[in-house]
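Colleague: Before I ask anything, let me first share the structure, which is written out below as structure tokens.
The values are calculated or read from the model by the stated rules, or taken from the named source; none is laboratory data. Small disclaimer: the values here were computed from a predicted structure and weren't measured. Quick reminder, even Gly has a Cβ in these numbers, built from the backbone with ideal geometry, and neighbours come from all protein chains shown. The protein model used for the area step is the full one, side chains on, heavy atoms only, and it has no ligands, DNA or RNA in it. Shrake-Rupley method; radii C 1.70, N 1.55, O 1.52, S 1.80 Å.
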Amino acid sequence: MTVANTEPTSATFEVATRHGQQVAVHVSGSGNPVVLLNGLARPMASWSAFTPVLGERMIVSFDAPGVGASKTPKLSLSMQALSDVVADVLDAVGVARADVVGFSHGGAIAQQFAFSSPERVRRLALLSTSCGRGATPGSGKKAVGHYYRSAQSSSLGAGTYGRCALAGRGSSELVEYPPARIDLGADAGGVR
């Protein structure tokens, strides 16, 4: 269930996480919640040019440990610990389920969060990220086919992600491929 705030809000505050970190959090707007996960070393203010186009939404953003107004941890946090920070922030602002947008390193955290807490992710948008250390993307057709097969066979299931979006080279327009339109063919080598 998605918690939708009906009163417009705008507040910045600190949240204590289960790993003993203090993170700076900003919440604004009202409506269906979306959590924005920054790139490595990018403060939550990096989203300021993007947030006006999100419309009537509750926007939750935060500075990851060691970034912006958040305190630097004594030891580096694992991807799972960073995913836990996302859950702790959402708990602190009273959001049970949200759309999750991850940019760059934030995209890696978003993927871990979707894997660890699929019931908390309504939709997932990954921007300029990879699927892990040493990842090398293949051709567009093979990447979409692999994505679709992985979603079908994973514990998350295809319904968790719902759609796959690709941007063409040199274009900002996104093209969506709903699972019903993906045809892997006999050799699983193409998308039609």
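Colleague: Using a 1.4 Å probe, how large is the accessible area of Leu126, given in Å² and rounded to the nearest 10?
Modeller: Solvent-accessible area, nearest 10 Å²: 80 Å².
Colleague: Next question. With all protein chains present, calculate the accessible area of Thr51 using a 1.4 Å probe and round the result to the nearest 10 Å².
Modeller: Result for Thr51: roughly 40 Å² accessible.
Colleague: Using the Karplus curve 6.51 cos²θ - 1.76 cosθ + 1.60 with θ = phi - 60°, work out ³J(HN,Hα) for each residue of region 76-85 in order, rounded to whole Hz, and write x for Gly and Pro.
Modeller: 4, 9, 6, 4, 5, 5, 5, 5, 5, 4
Colleague: Next question, about the same structure. Between beta-carbons, use under 14 Å as the cut-off and find the net charge around Val86, counting Lys and Arg +1, Asp and Glu -1.
Modeller: Cβ neighbours under 14 Å give a net charge of -2.
Colleague: Nearest 5 is fine: what % of DSSP beta bridges in region 9-92 come out antiparallel, could you say? Intermediate values should be presented prior to the final figure.
Modeller: Values: 12 of 17 bridges.
The antiparallel proportion sits near 70 percent.
Colleague: Per 0.36 nm of contour for each residue apart, how much would the distance between Phe115 and Leu75 grow if the chain were fully extended, relative to their Cα-Cα spacing?
Modeller: 12.0 nm
Colleague: Sort Met44, Met58, Met79 by heavy-atom solvent-accessible area, probe 1.4 angstrom, most to least. Don't skip to the answer; put the middle values down first.
Modeller: Values: Met44 30, Met58 10, Met79 65 Å².
Ranked from most to least accessible, the order is Met79, Met44, Met58.
Colleague: To the nearest 10 Å², what's His19's accessible area with a 1.4 Å probe?
Modeller: 80
Colleague: Using modelled amide H (1.01 Å from N, peptide plane; none on Pro or chain starts), what sits under 5 Å from the amide H of Leu124, excluding residues fewer than 5 places away?
Modeller: Answer set, sorted by chain and number: Val100.
Colleague: Explain nothing, just compute: Karplus ³J(HN,Hα) = 6.51 cos²θ - 1.76 cosθ + 1.60, θ = phi - 60°, for every residue of region 42-56 in order, whole Hz, x for Gly and Pro.
Modeller: Result, rounded to whole Hz: 9, x, 4, 4, 4, 7, 4, 6, 8, 5, x, 7, 7, x, 7.
Colleague: Can I ask one more? Give me, ordered by chain and number, the residues 5 or more places off Met58 or on other chains with an amide H under 5 Å from its own placed amide H.
Modeller: Ser30, Gly31, Asn32, Val34
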